[in-house]
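**Student:** I have a structure I would like to understand better, so I am pasting it below and will then ask my questions one at a time.
The values are calculated or read from the model by the stated rules, or taken from the named source; none is laboratory data. All of these numbers come straight from a predicted model, not from anything done at the bench. Because the Cβ atoms are built from the backbone with ideal geometry, glycine has one as well, and the counts that use them run over all protein chains shown. Note: accessible area is taken over every heavy atom of the protein model, side chains too, but ligands, DNA and RNA are not part of it. Shrake-Rupley method; radii C 1.70, N 1.55, O 1.52, S 1.80 Å.
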Amino acid sequence: MHLTPDALEALNRAGFSRRDFLKTSGVLSVSFGAAGLSETLGLAQGRGTGQGRGAARGPQVDAAQLDSWIAVAADGRVTAYTGKCELGQGIYTAQMQLIAEELSVPLDRVTLIQCDTASTPDQGTTSGSQSTPANFNERNLAQAGATAREALLRRASERLATPADQLTIRDGVISARSDVSKRVTFGELLGGNKFMIPLSGTARRKPAREWTVLGKPVARVDMPALATGQFEFVHNVRLPGMLHGRVVRPPSVGATLEKVDESSVGGIPGLVKVVVKRNFVGVVAEKPWQAIQAANKLKATWTPGVDLPRHDNFYEHLRNQQPTRDTFLVNSGDVDEQLTKAASVVKATYLHPYQMHASMGTSCAVADVRADSVTVWSPTQSAYPTRSGVAMLLGVPLERVRVIFTRGAGCYGINGADTVSFDAALLSQAVGKPVRVQLSRQDEMAWENYGFAYVIDQRAGVNADGTIVAWDYEAWSPSLGGRPGYDTPGNVVTGFLAGFHPAAFTPRTPAPDAMGAFNNGSNAAPSYVTGCVGGKCGGPGKIASERVLSHVVTSFFFTGPLRSPSRLQNTFAHECFMDEIAAHAKADPVAYRLRHLSDSRLSDVVKAAAKAANWDPRPSPKPANRRNGVVSGRGLACVVYEGDNGYSALVATVDVDQATGHVAVKRLVVAQDCGPISNPDGMRNQLEGGALHGMSRALGEEVTWEDRKVNSIDWRTYHGLPLGIDVPAIESVLINRTDAEATGAGETAITVVAPAIGNASFDATGARIRQVPFTPERVKAALNGRA
């Protein structure tokens, strides 16, 4: 039952609502009385009223009601609704496993509807490794499954005149333990009615010892279609009468529009309209090539833009800017005193560049803006927040806007997915017809929201016995406007050009004292401090004298979440610095970490990674290192991601060619504890993918620019891992804690790759590399600077 946009259009225009359509399809419990969507993660028929696609569809989905999460068909098939989207991370399959487990039905009898503002609950944004915690721990999908199971058992108890605790469920059939002839199916129990009950906070979840579907290496349900080219991405969406758009971005950062000469494109066949809204410029044509030609030939006059700081002096520029917001995450008040008393003080500065998502496929979206409705097929990670942004951008009531998540190029943050959705919406509004926009490679890479750059100063006081007695962190990081958010048009280039401002932090400088509970959501504090705020300690370490001060400064580029935002940059600095302190103390890096940790789960992943990697316990660097040729080394890094959202440790083995400065990663061993494992194959995929992504960011990726514009705009100028790279051996050690809450896995491994590689390079050569990426030129400079 895969519904294409054409089929949806026909159904809606024929007057079918979701209720009508699903009744004829056999679904008896309809949770919201509106439109549905395809069973294959793709396009959706929304919860409509028969008034046309995207029309007002009644009240917002009530996430407190069971019917907002679960429906059962006459044949016993289960349909579940989720606000967490499949971006390539495997969460779609894991959520299907979750529902199949809680309701004791086969996996192939579960359909999952995802991220459609007309039919699924509002679960915010799919980001931050929060999908599994949100739906496996909280009152969301898992609790809906447990609530539905208990409700079905109560109904069956009445129907079969048997106590609920004497009933068993198998394959969607409830039967009496003592008499299997007394049985009833899920479909028979509902009898065409909805559950009509709220989610229960006390419904008993299935314990892990009873799992038969969860915890198993179930293959991803989307993989056959992906592998055979049958999967429909947002790029494949086609609507009747659809036109094609192209945007014309400014030639330089900060440039504003002076005038547009529409006569310059007057002779292009198929051109429908040139669209201008303040500094936003786009063209609409009948065919994609016509739109591309029009965008290339359109004569637009712009102001010169702003002068950018020199790329080679960028980090000093960051440090010297006036901060817009200062924050103490933690401040024990005695750091300076302890540093003075310490037997020695270790200091280092770490540098991390802007990096981009650089998705393999450029972003695409389709919008259909009508007089009374707006529908956007978008690859956004945040259907509901993007709906809010579209409503503001177009100046229409929120209830008229529907956003249907339709999978695009993977992003792990804000790549071009949201801005291209805004592009399509503005162009469709201007012409009154559906418009498809696919960004060019240059438009995406020059104007996406880059991952944050950082300058991080670290100081540590060390006692005569090698114990760390104080840790001092100060960082500078740029943000355009401040608070990242998917619901504010000005946070991405399209909205900004159309006249909206970014969502800004409230200015705050100097920093007030740390208040409230210790919250290490950005991993600004290392994993070795006690994290004491207001007399309560929440850190995983033993170092009580601690100060963590962060400065937000103004960015000249758009910034936003990129996989492990700020967590990766901070952990790079912390774990390299911890290695430096261990080397200063002439201690083994693993033993030295364990000495300063109090969290047993973090200690366990460190031990597990070291054991699996056959760690050689000794100080770094390797004794009697050669000063020429290729040398080998090993390094380790670990993290409690976001302070409480996953435990990971990684050992890297590298070869360093001292003649060329080339670092070759030969082996990565990563240990992970994310609580109960819902799908071990899925977790391995996340760890391996994160490891490779982390390698790319550690060894090659960096946004570069010249006087007024970005010049890393394609694969020749933005250097990630090249095709054909020698992929290292990657080994995963999975620690399955079925008695703990579920935590994230998508952003843990990537967070520790750069420091592990950096530490391994130091172990091999005795040269410390403190700036990402570890290009051959920087490695050679470090080698030449060895004592």
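**Student:** Taking a Cβ-Cβ separation under 4.7 Å as the criterion for a possible partner, which cysteines of the chain have none?
**Tutor:** Here CYS364, CYS411, CYS576, CYS638, CYS674 come out as lacking a disulfide-compatible partner, given the Cβ-Cβ threshold of under 4.7 Å.
**Student:** Can you tell me how much longer the chain between SER178 and THR717 gets when fully stretched, taken as 0.36 nm per residue apart minus their C-alpha distance, in nm with one decimal?
**Tutor:** Details: separation 539, 0.36 × 539 = 194.04 nm, distance 7.08 nm.
Using 0.36 nm per residue and subtracting the Cα-Cα distance, I get 187.0 nm.
**Student:** Note down the nm distance, to one decimal, between modelled labels 7 Å out along Cα→Cβ at ALA511 and at ILE725.
**Tutor:** The two pseudo-label positions are separated by 3.3 nm.
**Student:** Can I ask one more? Answer rounded, prolate or oblate for the chain, using the Cα gyration tensor with square roots of eigenvalues a ≥ b ≥ c: rounded when a/c is under 1.5, else prolate when a/b is larger than b/c, else oblate. Before the final figure, lay out each step's value.
**Tutor:** Working: a/c = 2.00, a/b = 1.21, b/c = 1.65.
Note, shape of the chain comes out oblate.
**Student:** Would you please classify the overall shape of the range 704-787 from the alpha carbon gyration tensor, given that a ≥ b ≥ c denote the square roots of the eigenvalues, rounded means a/c under 1.5, and beyond that prolate means a/b larger than b/c while oblate covers the rest? If you can, show how the numbers build up before the last one.
**Tutor:** Details: a/c = 2.25, a/b = 1.42, b/c = 1.58.
Cα axes put the range 704-787 in the oblate bin.
**Student:** I've got another one for you. Using mean Cβ contacts within 10 Å as the protection proxy, how do 706-713, 306-313 order, highest first?
**Tutor:** In decreasing order of mean packing, 706-713, 306-313 become 706-713, 306-313.
**Student:** Further question: Along the Cα→Cβ direction, 7 angstrom out, place labels at GLU337 and PHE231. What is the inter-label distance in nm?
**Tutor:** Going from the GLU337 label point to the PHE231 one covers 5.8 nm.
**Student:** In nm, what is the difference between 0.36 nm times the number of residues separating VAL345 and ILE292 and their Cα-Cα distance? Let's see the in-between values first.
**Tutor:** Details: separation 53, 0.36 × 53 = 19.08 nm, distance 5.88 nm.
Fully extending the segment from VAL345 to ILE292 adds 13.2 nm.
**Student:** OK, next. How much accessible area per residue does the range 168-236 have, counting only protein heavy atoms and a probe of 1.4 Å, in square angstrom? The partial results should precede the final answer.
**Tutor:** Working: 4050 Å² over 69 residues.
Solvent-accessible surface per residue comes out at 59 Å².
**Student:** To continue, here is another question. Have a look at PRO512, PRO561, SER620 and report the one farthest towards the positive end of the charge dipole of the range 500-625, computed about the Cα centre with Cβ charges (Lys/Arg +1, Asp/Glu -1).
**Tutor:** Comparing the listed Cα positions along the dipole, SER620 ranks first.
**Student:** 5 Å is the cut-off here: which amide hydrogens, built 1.01 Å from N in the peptide plane, fall below it relative to THR554, excluding neighbours closer than 5 in sequence?
**Tutor:** HN-HN under 5 Å from THR554: THR324, SER479.
**Student:** Just order 412-420, 769-777, 154-162 by mean Cβ neighbour count inside 10 Å, highest at the front, would you? Working shown, then result.
**Tutor:** Numbers: 412-420: 29.4, 769-777: 20.0, 154-162: 16.0.
So the peptides 412-420, 769-777, 154-162, ranked by packing, come out 412-420, 769-777, 154-162.
**Student:** Note down the relative contact order for the range 497-596 as a percent, whole number, built from C-alpha pairs under 8 angstrom at least six residues apart.
**Tutor:** Values: 85 pairs, mean separation 23.0, N = 100.
Averaging sequence separation for qualifying contacts and normalising by length gives 23 percent for the range 497-596.
**Student:** Right, another one. Karplus couplings for the range 280-286 from phi (6.51 cos²θ - 1.76 cosθ + 1.60, θ = phi - 60°), rounded to Hz, Gly and Pro as x?
**Tutor:** Once rounded to whole Hz, the list reads 8, 10, x, 10, 10, 9, 6.
**Student:** Estimate the FRET efficiency between ALA612 and SER263 by the formula 1/(1 + (r/R0)^6), using the beta-carbon distance for r and 60 Å for R0, to the nearest 0.05. If you can, show how the numbers build up before the last one.
**Tutor:** Numbers: r = 68 Å, r/R0 = 1.13.
Plugging the Cβ-Cβ distance into 1/(1 + (r/R0)^6) gives 0.35.
**Student:** When only C-alpha pairs under 8 Å and at least 6 residues apart count, what is the relative contact order of the range 404-507, in percent? Before the final figure, lay out each step's value.
**Tutor:** Details: 116 pairs, mean separation 22.6, N = 104.
About 22 percent, as a whole number.
**Student:** For the chain, which whole percent of the accessible surface, found with a 1.4 angstrom probe, sits on carbon and sulfur atoms? Before the final figure, lay out the partial values.
**Tutor:** On the way: 14660 of 29020 Å².
With neighbouring chains kept in place, the figure for the chain is 50 percent.
**Student:** For a quick check: with amide H placed at 1.01 Å from N, whose amide H comes under 5 Å from ILE543's, ignoring anything fewer than 5 positions away on the same chain?
**Tutor:** VAL529, THR530
**Student:** Need the full-extension length gain, THR704 to ALA740, defined as separation in residues times 0.36 nm minus the C-alpha distance. One decimal, nm. If you can, show how the numbers build up before the last one.
**Tutor:** Values: separation 36, 0.36 × 36 = 12.96 nm, distance 4.36 nm.
Once the chain is fully extended between THR704 and ALA740, it gains 8.6 nm.
**Student:** Let me ask you something else. Divide by every residue of the chain the summed helix terms, -39500 (n - 2.57) for each DSSP H run of at least 4, and state the resulting mean residue ellipticity at 222 nm, rounded to the nearest 500 deg cm²/dmol.
**Tutor:** Working: 20 runs with 213 residues, N = 787.
Only helices count here, giving -8000 deg cm²/dmol.
**Student:** Now a separate question. Sorting check: for 227-234, 404-411, 213-220, which peptide has the highest mean count of neighbouring beta carbons within 10 Å, and how do the rest follow? Numbers along the way, then the final one.
**Tutor:** Working: 227-234: 14.0, 404-411: 25.8, 213-220: 17.8.
Per-residue mean Cβ counts within 10 Å order the peptides as 404-411, 213-220, 227-234.
**Student:** Name the shape class, rounded, prolate or oblate, that the alpha-carbon gyration tensor gives for the range 235-320, where a ≥ b ≥ c are the square roots of its eigenvalues, rounded holds for a/c under 1.5, and otherwise prolate holds if a/b is larger than b/c and oblate otherwise.
**Tutor:** Working: a/c = 3.36, a/b = 1.99, b/c = 1.69.
Prolate, since a/c reaches 1.5 and a/b exceeds b/c.
**Student:** Need the C-alpha centroid separation for the range 682-713 versus the range 368-444, integer Å.
**Tutor:** 26 Å
**Student:** Okay, which of the range 57-90 sit inside 20 Å, backbone N to the point 7 Å along the Cα-Cβ direction of ILE197?
**Tutor:** Backbone N within reach: 62-74, 76-81.
**Student:** Where the centre of each part is set by its Cα atoms, how far does the range 146-219 sit from the range 723-787, in angstrom?
**Tutor:** 47 Å
**Student:** From Cα pairs below 8 angstrom and at least 6 apart in sequence, can you work out the relative contact order of the chain, rounded to a whole percent?
**Tutor:** Working: 1980 pairs, mean separation 100.3, N = 787.
Averaging sequence separation for qualifying contacts and normalising by length gives 13 percent for the chain.
**Student:** Give the long-range amide H neighbours of ILE730: residues separated by 5 or more places, or on another chain, with amide H under 5 Å away, using H modelled in the peptide plane at 1.01 Å from N.
**Tutor:** Those qualifying (amide H under 5 Å, at least 5 residues apart or on another chain) are LEU668.
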